[in-house]
Amino acid sequence: MLGIVVALLVIGGVFVVVGAALISNVAGAADFAMKHVTRRNLGSLAPGFAASNAGFRVYARLVWFIGVFFLGAGVAVKSALLGLGVMGAAFVAFVFLSVIAIRGEVASYRALKR
């Protein structure tokens, strides 16, 4: 069981660090990701909401909250109440940010059709 907890903490830590680097644009990480990933065409699909600065920040926060959820799951082994609280807060934030991302993607798609 200890290996699973360590794996949850490592996965969560990696997601939190990557998300924080993208949110803070550490060493140009966000600029690099936007240039080489989100602003590229995906076949016939044009870049969407993630290609904008606001959209990229939303997606970077989604990555960060995925990491927080995993960290909460790892902490729940030692302190169930704290871990479940962190997981619950991360889940609520993830759902909220997902709604924002979906609305942004729909708006971007509608703007392309005009």
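Every read-out reported here was derived from the displayed coordinates using simple, explicitly stated rules and does not represent laboratory data. Just so we're clear, the structure is a prediction, and the values are computed from it rather than from any experiment. Here the Cβ is made from the backbone with ideal geometry for all residues, glycine too, and neighbour counts use every protein chain on show.
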Other residues with Cβ under 13 Å from the Cβ of P47 give, with Lys and Arg +1 and Asp and Glu -1, a net charge of +2
With R₀ set to 30 angstrom, the calculated FRET efficiency between the beta-carbons of I23 and A80, to the nearest 0.05, is 0.55
In Å, the C-alpha Rg and Dmax of the stretch 2-113 are 16.1, 52
Membrane-span-like helices (DSSP H runs, Cα span along own axis at least 30 Å, mean Kyte-Doolittle at least 1.6) in the chain -> 2-24
Under the 7 Å Cα-to-Cβ spin-label approximation, A89 and V106 lie apart by a distance in nanometres of 3.0
The FRET efficiency for F96 and L2, from their Cβ-Cβ distance with R0 = 25 Å and rounded to 0.05, is 0.15
